[in-house]
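First the structure, in the form of structure tokens, and then the observations on it.
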Amino acid sequence: MTSREDEALALAAVDALTGQLALAPKPGLPDPRDLHARATRRDQLALRWSAKALAPGLTAMAAAARRTGEPTPGLRTELGAIGRSTEHSVGLTGGGHRGALWALGLLVAAAALDPRAKALDVAAAAKRIASHPDKRAPRRPSRGSSVSAKYGAAGARGEARAGFPHVRRALDALAVARSTGATEAQARLDALLTVMSTLQDTELLYTAGPHGLRHVQAGARGVLEAGGTSTEAGAAALAALDDDLHARAWSPRGSAGLFAGALFLDSLPVSPLTRAA
């Protein structure tokens, strides 16, 4: 049985994902600009719709964690089963967000274990959940795990088992940018670029290989080293990187999912009262 607290956490996670989708300009990633040229209007709307379709599954994950009360092997297995069912349901609405579901599902469950926990404590609890094997997981390797094995990248599982280091870096980048007077959109873009600059993104490795990954990482670092998106030089570097990645059809989807995880942690703590406000 779910509670209003479970629903509040799930809705906060969905808000984080739709917030990521709404941010622009995102290099190589779908956003609301020029929808017909960059991605069809239907595609953009489908991404938002499928993000909202994650809510029931995320609510169930929060409820499972609250009921269990500890980051146990049994909880990890239950979360995996809920996640696979949610993937199927989301697939019926147009699909997408698989990487974000993994990150957000673990973080929502971790937050449900202690509703008063702060962001870094939630990431640490998610690490403990992810450290357990999913005993009911399909034996066939996923594309991400195959790419991780081929190139020695941490991948989504490695990121979670390390306590989401890139989510934590994104949180730090948000705080720094906000403290220096950046707008919220600029702070969020700097946080996304911080993730892109170092993440071994398995989506990029799959589509562009190691050379392409290094190219994207260098481009993201270039924007940050130019002063970030709040500066004229940084904004120009961002525009150039955006054009480059769209021309190459390279999309750092792994970075986008982890950035959504950072936005979720940034919204904590949440409660039914804050959601209704």
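The values are calculated or read from the model by the stated rules, or taken from the named source; none is laboratory data. These numbers come from a predicted model, not from an experiment. Counting neighbours? That spans all protein chains shown, and the Cβs are built from the backbone with ideal geometry, glycine included.
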- Query: Regarding D121, is this residue not aliphatic (A, V, I, L, M) and not in a loop (DSSP other than H, G, I, E, B)?
  - Reply: yes
- With the condition kept exactly as written, say whether any residue in the range 76-92 is surrounded by fewer than 15 Cβ atoms within 10 Å (Cβ to Cβ), modelled with pLDDT under 90 and within 22 Å of S251 (Cβ to Cβ). yes
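May I ask you to say which residue of T202, T180 is touching a residue at least 24 places away in the same chain (Cβ under 8 Å) and either of a type in the set (D, E, K, R) or surrounded by fewer than 24 Cβ atoms within 10 Å (Cβ to Cβ) (or both)? Please lay out each step first, then the result.
Working: T202 fails: either of a type in the set (D, E, K, R) or surrounded by fewer than 24 Cβ atoms within 10 Å (Cβ to Cβ) (or both).
After applying the criteria, what remains is T180.
Those residues that are within 15 Å of the chain's Cα centre (by Cα) and at negative phi, I need them from the range 145-160; list them, please.
Of the residues in the range 145-160, the ones within 15 Å of the chain's Cα centre (by Cα) are 155-160.
Within the range 145-160, A156, R157, G158, E159, A160 meet the criteria.
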- List the number of the failed condition for W250; all other conditions in (1) crowded, with 24+ Cβ neighbours inside 10 Å; (2) within 20 Å of the chain's Cα centre (by Cα); (3) of a type in the set (A, V, I, L, M, F, W, C) hold. (1)
- Message: Take A137 and tell me if it is surrounded by fewer than 17 Cβ atoms within 10 Å (Cβ to Cβ), in contact (Cβ under 8 Å) with a residue 40 or more places away in the chain and of a type in the set (A, V, I, L, M).
- Response: yes
- Query: Do the conditions hold for G209, that is, is it closer than 28 Å to P141 by Cβ, surrounded by fewer than 24 Cβ atoms within 10 Å (Cβ to Cβ), out of contact with any helix residue (DSSP H, G or I) (no Cβ under 8 Å at 6 or more places or on another chain) and small (G, A, S)?
  - Reply: yes
- Task: Go through the residues of the range 140-152 one by one and say whether even a single one is among the small types (G, A, S), in a loop (DSSP other than H, G, I, E, B), surrounded by 15 or more Cβ atoms within 10 Å (Cβ to Cβ) and free of Cβ contacts under 8 Å to residues at least 24 places away in the same chain.
- Result: yes
- Which residue, of A149, A153, A124, is closer than 19 Å to S251 by Cβ and among the aliphatic types (A, V, I, L, M)? A153
